[in-house]
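What follows is calculated from the coordinates using simple rules that are stated; it is not laboratory data. Note that the structure is predicted; figures quoted are calculated from it, not measured. Note: ideal-geometry Cβ built from the backbone for every residue, glycine included; neighbour counts use all protein chains shown.
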Amino acid sequence: MRRRPVQQRSTERVTRMLDACAELLDEVGYTKLTTTLIANRADVAIGSVYQFFGDKRAVVRALGMRHLEVFFESLATHIAQRQPAHWWDLVDIAIDEYIAMHRSEPGFRTTHFGDAVDINLLDDSRTNNDVLTDRIERLLDEHFNIGSPRGLDMALTVAVETADALIKLAFRRDPDGDPALLAEAKKIIRQYLATYVQDRDS
């Protein structure tokens, strides 16, 4: 962002812009998205958009960051509610939340964490999935003290990329997510990660 909103009025305008961006991404896609469309949908002057964002890519990047925060805030809530007993329960919760965002979070199914725009949208030096992987690894270590066994970083990268691809496929096949494919994705990820962290679930 060019600048951060300070006053409540500015914060509300930026929120409306991001909400408008999310809706428009689902309706017209990234290619046809424009800052003018965002301004009109958010009911703000085009100058207000450029006050905070350099272009439509910057708006989508901010939306991707918001999606990331929504994902991990919701994940934290569900972890607190369900109190996972094993590491694979936490992984299941993460996959369930990723699936839920496809169903309910405007703009997410179209861009995810920004992949449709740029795989390095969240961080110039890492892919969007690498950012996600890093935070999931920290969660696993925080709750289950899994440490960093040899090969875990690569294993989590493979797991996230695989889950991402299978979940996208499930939603291409069925607007609500093909249940058989989603169940298979969870089974594959659990069995694969078990070879790296099976003795670290306490």
Whichever lysines have a C-alpha closer than 17 Å to that of Lys186, once near sequence neighbours (fewer than 8 apart) are set aside
Lys168
As I understand it, the value is the acute angle between the Cα axis of helix 56-82 and the longest principal axis of the Cα atoms of the chain; what does it come to in degrees, rounded to 10?
40 degrees
What distance in nm separates the simple spin-label points at Arg135 and Val70, each placed 7 Å from Cα in the Cβ direction?
1.3 nm
When the helices in the chain are scored as -39500 (n - 2.57) per DSSP H run of 4 or longer and the sum is shared across all residues, what 222 nm value do you end up with, to the nearest 500 deg cm²/dmol?
-24000 deg cm²/dmol
Provide Rg over Rh for the chain; use the alpha carbon set for both Rg and the Kirkwood Rh (inverse mean inverse pair distance).
1.01
Dipole magnitude (debye, nearest 20) for region 1-89, charges at Cβ of Lys, Arg, Asp, Glu
440 debye
Assigning unit charges at the beta carbon (Lys, Arg +1; Asp, Glu -1) and nothing else, what dipole magnitude in debye, to the nearest 20, does region 100-148 show about its Cα centre?
260 debye
Please report, for the Cα atoms of region 116-202, the Rg to one decimal and the Dmax as a whole number; what are they, in angstrom?
14.3, 40
Based only on Cα atoms, what mean projected area does the convex hull of region 52-149 have, in nm²?
7.0 nm²
Can you give the alpha-carbon Rg of region 1-117 over 2.2 N^0.38 Å, where N counts its residues?
1.18
Put a dot 7 Å past each Cα toward the Cβ at Thr15 and Ala85; how far apart are the dots in nm?
4.0 nm
Which distance in nm do the two modelled labels at Ala100 and Ala183 give, with both placed 7 Å along the Cα-to-Cβ direction?
2.1 nm
Options Ile46, Thr162, Trp87, ranked by Cα towards positive dipole end of the chain, top entry (Cβ charges)
Ile46
Counting only trypsin sites (Lys or Arg not before Pro) that are in a DSSP loop and have at most 15 other C-beta atoms within 10 Å, tell me the longest site-free stretch of the chain.
4-149
Give me the number: length gained by fully extending Arg173 to Arg4, i.e. 0.36 nm times residue separation minus the C-alpha to C-alpha distance, one decimal in nm.
56.9 nm
With a Förster distance of 30 angstrom and the Cβ-Cβ distance between His143 and Ile119, calculated FRET efficiency to the nearest 0.05 equals 0.60
With a cap of 15 neighbouring Cβ atoms within 10 Å, and only residues DSSP puts in a loop, list the GluC sites (Glu not before Pro) found in region 6-87.
none
Can you give me the angle between helix 87-104 and the longest principal axis of the chain, using Cα atoms only, in degrees from 0 to 90, rounded to the nearest 10?
30 degrees
Mind pulling the angle between the C-alpha long axis of helix 152-173 and the longest principal axis of the chain? Nearest 10 degrees, somewhere in 0 to 90.
60 degrees
Compute, for the chain, the length of the dipole vector about the Cα centre, with Cβ point charges of +1 (Lys, Arg) and -1 (Asp, Glu) only. Units Debye, rounded to 20.
680 debye
